[in-house]
1. What does the highest-first list of 115-123, 167-175, 145-153 look like by mean Cβ count within 10 Å?
2. Order of 45-56, 16-27, 93-104 by packing, highest average Cβ count within 10 Å first?
């Protein structure tokens, strides 16, 4: 929470400040504690904890993709949106580089992210996904040809394809699946059921 607070407030993250929080009793375990915190932050927010000044022992949270404002998407304070984008790109890659919008929303609903419902990290997800990330060219959102009623699908945008690889995205997803195995087992079950229904 401390690291995220500092990130959100755009304040430097110093080892000395972190040691005050963990206390003298656990000072010897600082590297282990920082590693665990970094792993969780990476999975939930899609950012890496990196030491940026070894003299001052200063750290920063660095977005896995070059989203504006270090993953925040919009200027100002806030939490990074990179993990959401990495999850969506993972679904797109697993679906053969093009994912139906309804599959994306089913997948995101398992993360308790719903269209039209404000999320405490991502804000209004429909706008973020279909407008902001499309405008920034990390996603493409297009109508399926000859669909009646109109249906839409997502593809990786040009910036996503330049800034990351399918391997990197799938490695990220594997870390998430290790951290939340029940969630991913449910995703796989539903994907299998949908594949059988399609024939």
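Laboratory data are not the source of any read-out in this text; all were calculated from the coordinates shown. On a predicted model such as this, the values are computed, not experimentally measured, just so you know. Neighbour counts are summed over all protein chains in view; Cβ atoms, including those assigned to glycine, are modelled from backbone coordinates with ideal geometry.
1. Numbers: 115-123: 13.1, 167-175: 15.4, 145-153: 10.0.
In decreasing order of mean packing, 115-123, 167-175, 145-153 become 167-175, 115-123, 145-153.
2. Numbers: 45-56: 14.7, 16-27: 11.8, 93-104: 16.5.
Sorting 45-56, 16-27, 93-104 by mean packing, highest first, produces 93-104, 45-56, 16-27.
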